[in-house]
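The block underneath contains the structure these notes are about, expressed in structure tokens.
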Amino acid sequence: MRLIRYIGYRLLLAVPVILGIVVLNFFLIHLAPGDAASVLAGETGAATPEYMAQLRHKFGLDQPLSAQFLHYLLNMAHLDLGYSFRNDSPVAALIFDRLWPTALLMVTAFVIALALGILLGLIAATGRNTWRDGVISLVSLVAYATPGFWLGLMMIVVFAIRLEWLPTSGFDTVGAYNEGWAEVADVARHLVMPAVALALFYLALYARLMRATVLEQAGMDYVTTARAKGQTERKVMTGHVMKNALLPIVTMAGIQAGNLIGGSIVVETVFGWPGIGTLAFDALQSRDLNLLLGIFFISACLVVVINLVVDLVYVTLDPRIEI
Amino acid sequence: MNSIKMSRRTALSLPFGLAAMHGARAADTPRRGGTMVMIVHPEPSTLAHYAVSAGNIPPIATQIYEGLVTYDWDLNPQPNLAKSWQIAPDGKTITFKLQENVTFHNGKPFTSADVQFSFMEVLKKYHPTAPVILSEVYAVETPDPLTAVLRLNNPAPYIMKALAGRDLPIVCKAVFEGTDILNNPTANKPIGTGPFKFGQWDRGQAIRLDRNPNYWKPGLPYLDRIVARFIPDAATRSAAMETGEAHFAAYSAVNYADLARMKKNPILGETSKGYEMTPAISVLELNSKHPHLDKKEVRQAIAYAIDRKFIVDNVMYGYGVPATGPLSRKFAKAGFYTTDVRKFDVPDRLDIANKLLDSAGAPRGEGGVRFGLHLEVNSFGEQWLRQAEYLKQALAQIGIDVTLRSEDTATWLRRVYTNYDYDINEPFLSQGVDPVIGLNRQYLSSQIRKGVTFVNDSFYSNPEVDNLLLSAMREPDHDKRAAMYVKVQQILTEDCPLVWLVDVEYVSIYNKKLHDHTTGPLGTQQAFERTWMEA
């Protein structure tokens, strides 16, 4: 009951936050010079002035900013994200088409990074100053310092061109139109490289963080107490040290879940992954304001939800934290 | 250029020849079936081909929308939706006899009413460039369902060069009539008469086109499907060609830098054919409102200071030819192009440039610098930044200190074409199918139009050039017309409102399993109806 009330309260708080973001975004975006009509006409090579005036009228750009803003707020009140004139398509359809490949990529990368990061951090910490620790520290340092796009390109050269194990890019094999499990397997094959390229940086980060916090916790009094009670080393580690060591990881992961949405633009570009990152980049470049605002809105909502989830995970990990 | 003078027969046999060297049993009988994957870059934002003319739309849209004619390798019109045509002696009436038994993908028959509606109600009103081509057309008459008669105020000889599906696509009247044309639901689900039907668009990934089983040309097309793939990263695009995941990449979708490596790949071939009707020149626009750039001598000096061959070799990786003036050499075949103009690529060009600047009252000051200028870097790709870096060094040789300014597309276009807040601009100008398209918008004084991109932004105004360009537009006699364009080129190279850099050459990369992919001068901007794939 208390939990539900808490969630309701947090969601209520999120409303003004998201509203503030929406308003701020709207005016921020309009500060950018140039408009969608001139970009479209620029790509066209040559356009008559009548054509450009027509475009501006169609896009609603000939209206005063206040009228555009009012129109936008009215739309948002109806949960209508508007229409992307550049793409001749409703914004919501464009975003939701692209949201799920991004979600798939994000979640996979996130799970890989968290699971392997925690595991490697733990191995390094328990074998401090052994060769295991040395190797893991070195590898995570390299992974931490390697730019994602370079790593992605190198993976394509090695695994797609030389070894021919994996496809270079895309979401699935174009023109194959697999069904059922064949499609799942096909997507999985396409997912491997982008997910690993995206995960590696975070994996390194979590491994290093895990190692440090485990070592820190291992010196605490409660660990000595647990040992004195006669618990096995394994129990001390899983039941006591790990639970406490996970808190900073969760905090970090919570912050970075938001980052992953943006951080995937580079990886999406390299691997031709049809995600929201490239969509946002294109929208910005082409001044497709309705689409851009829609993406900002959805991203803001996602971040709010993820933060809430992280707070709830805290509670289960550490009973001392109250909601 | 040899590749252009090549006869139609040799050109057609070229892909076969290469295939024969490659595959042992590569028969030259076309095979039905197969899916061709082509790379289109960047992904189009829309398929409303009748209202938007960005260069990445036609490779997909011309499979669906056809034009009245196609063009042979000598750039002469050949029958397509129009079986035959007749131009009246005064040049003011063009009568088209249309193909029978053609249906649109929605089952509606194609008639002269569709031609009338496409030209007058759609293209003339909503297309970015067609209003120029159709400016003299005041009516399209439809005496019977298979006859369409264009009525013109004045002769417009360029119309016969612009009737392909790329420039004047024929849409279905029944789909558009009585609707808001710019918001038509078929914008992204196009319906045409072409060899392929629209299948599906997975945004960010691919567009699928399916074979039109009711296509009016018997037995065609050969392919079952065409998939246009979109890969934002240049290195990954190259990789997709190298692994055989994609079969065709036109319009330099593959980085010039990767081409040397791809040439060594046994499964790939390259061709620079299929671009004969897409002339384009990279230029520098000089803002003549600038106190130094308003002097002809200064502008000429800039033209002399630049080593065009260096740009071709080092920035374009050899894909291009130094430009000699305002027209592309691709107009040589039509007789419009001349090299009898002021030449800037001469051995003592730096001495000439320095003397011109001295005489123009711009002496060298401290550090040898005469004056400074800003250069707006073209935002459409990395090569333009490299070109700009070279230009900075080249102009430093004659004492002009250039500062580069890189901005994103929207900001750049706004700065140059709306605010006129620039000294030198570095655009890339496509010139269309006839000189009237590229020259008029760039050099007519009436084309100084604030807020319109890629028009006369150098404030060039010369009554003689205005007069010549407008007369040439309406001159039905080809030789007289050509003479006028020769004169225009001579005056322009003397006045130097722009500096012409490179006459650009594109390249297509193809998988050798793919045959007959480049069958005409429009290349990838015409239908792949005869393209076929080895099993």
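Key figures
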read-out: Candidates A:Leu122, A:Leu151, filtered to the one that is within 14 Å of another protein chain (Cβ to nearest Cβ) and either modelled with pLDDT of 85 or more or loosely packed, with under 13 Cβ neighbours inside 10 Å (or both); value: A:Leu151
read-out: Residues that are within 13 Å of chain A (Cβ to nearest Cβ), outside any strand (DSSP E or B) and under 14 Å from B:Ile60 (Cβ atoms), drawn from segment B:187-222; value: B:Ala187, B:Asn188, B:Lys189, B:Pro190, B:Arg203, B:Gln205
read-out: Residue within segment B:451-464 that is assigned to a helix (DSSP H, G or I), more than 27 Å from B:Leu373 (Cβ to Cβ) and not hydroxyl-bearing (Ser, Thr, Tyr) present; value: yes
read-out: Residue match in segment B:135-154 (condition: touching a residue at least 40 places away in the same chain (Cβ under 8 Å), under 23 Å from A:Gln54 (Cα atoms) and more than 14 Å from every other protein chain (Cβ to nearest Cβ)); value: yes
read-out: Filtered residue count, segment B:240-250, keeping only those that are surrounded by fewer than 22 Cβ atoms within 10 Å (Cβ to Cβ) and either away from chain A (no Cβ under 13 Å) or among the polar types (S, T, N, Q) (or both); value: 1
read-out: Residues located in segment B:130-169, provided they are assigned to a helix (DSSP H, G or I) and either β-branched (Val, Ile, Thr) or at pLDDT 95 or above (or both); value: B:Val132, B:Ile133, B:Ile159
read-out: Subset of segment B:223-239 that is facing chain A (nearest Cβ under 7 Å), within 25 Å of the chain's Cα centre (by Cα) and of a type in the set (A, V, I, L, M) - its residue that is surrounded by the most Cβ atoms within 10 Å (Cβ to Cβ); value: B:Ile231
read-out: Within segment A:18-89, helices (runs of 4 or more DSSP H) holding 2 or more residues that are of a type in the set (S, T, N, Q); value: A:36-44, A:65-77
read-out: Single residue of A:Val184, A:Val157 found to be without any contact (Cβ under 8 Å) to a residue 24 or more places away in the chain and exposed (fewer than 14 other Cβ atoms within 10 Å of the Cβ); value: A:Val184
read-out: Members of segment A:124-165 found to be part of a helix (DSSP H, G or I) and acidic (Asp, Glu), listed by number; value: A:Asp133
read-out: Top-ranked residue in segment B:248-258 [being among the aromatic types (Phe, Trp, Tyr) and either assigned to a loop (DSSP other than H, G, I, E, B) or touching a His at 6+ places or on another chain (Cβ under 7 Å) (or both); ranked as modelled with the lowest pLDDT]; value: B:Tyr251
read-out: Test result for A:Thr173, assigned to a loop (DSSP other than H, G, I, E, B), crowded, with 17+ Cβ neighbours inside 10 Å and of a type in the set (Ser, Thr, Tyr); value: yes
read-out: In segment B:417-439, the residues that are at the interface with chain A (Cβ under 10 Å from one of its Cβ atoms) and either over 24 Å from B:Gly320 (Cα atoms) or of a type in the set (D, E, K, R) (or both); value: B:Tyr417, B:Thr418, B:Asn419
read-out: Residue among B:Leu404, B:Leu375 that is buried (at least 17 other Cβ atoms within 10 Å of the Cβ) and either more than 9 Å from every other protein chain (Cβ to nearest Cβ) or part of a helix (DSSP H, G or I) (or both); value: B:Leu375
read-out: Within segment A:39-58, tally of residues that are touching a helix residue (DSSP H, G or I) at 6+ places or on another chain (Cβ under 6 Å), free of Cβ contacts under 8 Å to residues at least 40 places away in the same chain and either at the interface with chain B (Cβ under 7 Å from one of its Cβ atoms) or within 20 Å of B:Asn56 (Cβ to Cβ) (or both); value: 8
read-out: Residue within segment A:272-282 that is hydrophobic (A, V, I, L, M, F, W, C), within 9 Å of chain B (Cβ to nearest Cβ) and free of Cβ contacts under 8 Å to residues at least 60 places away in the same chain present; value: yes
read-out: Count of residues meeting criterion [away from chain A (no Cβ under 12 Å) and assigned to a helix (DSSP H, G or I)] in segment B:259-283; value: 3
read-out: Sole exception among (1) over 25 Å from the mean Cα position of the chain (by Cα); (2) crowded, with 18+ Cβ neighbours inside 10 Å; (3) hydrophobic (A, V, I, L, M, F, W, C) for B:Ala113, by number; value: (2)
read-out: Search result, residues across segment B:407-419 that are of a type outside the set (S, T, N, Q) and in a helix (DSSP H, G or I); value: B:Ala410, B:Trp412, B:Leu413, B:Arg414, B:Arg415, B:Val416, B:Tyr417
read-out: Breaking point among (1) within 14 Å of chain B (Cβ to nearest Cβ); (2) on the phi < 0 side of the Ramachandran plot; (3) surrounded by 21 or more Cβ atoms within 10 Å (Cβ to Cβ); (4) in contact (Cβ under 8 Å) with a residue 60 or more places away in the chain, for A:Val214; value: (1)
read-out: Any hit, segment A:200-221, residues being outside any helix (DSSP H, G or I), hydrophobic (A, V, I, L, M, F, W, C) and in the same structural domain as A:Glu268 (by TED's automatic domain parsing); value: yes
read-out: Qualifying residues in segment B:55-66 (those that are touching a Leu at 6+ places or on another chain (Cβ under 9 Å) and more than 24 Å from B:Met241 (Cα to Cα)) - the one nearest to the other protein chains (Cβ to nearest Cβ); value: B:Ile64
read-out: Among residues of segment B:134-180, those that are crowded, with 19+ Cβ neighbours inside 10 Å and either closer than 30 Å to B:Arg208 by Cβ or touching a Cys at 6+ places or on another chain (Cβ under 6 Å) (or both), counted; value: 14
read-out: Residue in segment B:465-479 that is crowded, with 18+ Cβ neighbours inside 10 Å and out of contact with any helix residue (DSSP H, G or I) (no Cβ under 6 Å at 6 or more places or on another chain) present; value: no
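Residue by residue, here is whether (1) within 12 Å of another protein chain (Cβ to nearest Cβ); (2) hydroxyl-bearing (Ser, Thr, Tyr); (3) surrounded by fewer than 18 Cβ atoms within 10 Å (Cβ to Cβ) holds:
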| residue | (1), (2), (3) |
| --- | --- |
| A:Arg5 | no, no, yes |
| A:Phe26 | no, no, no |
| A:Pro33 | yes, no, yes |
| A:Leu70 | no, no, yes |
| A:Met76 | no, no, no |
| A:Trp100 | yes, no, yes |
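The values are calculated or read from the model by the stated rules, or taken from the named source; none is laboratory data. Being a predicted model, the structure only gives us computed values, none of them experimental. No Cβ is skipped: glycine too gets one built from the backbone with ideal geometry, and neighbour counts run over all protein chains shown.
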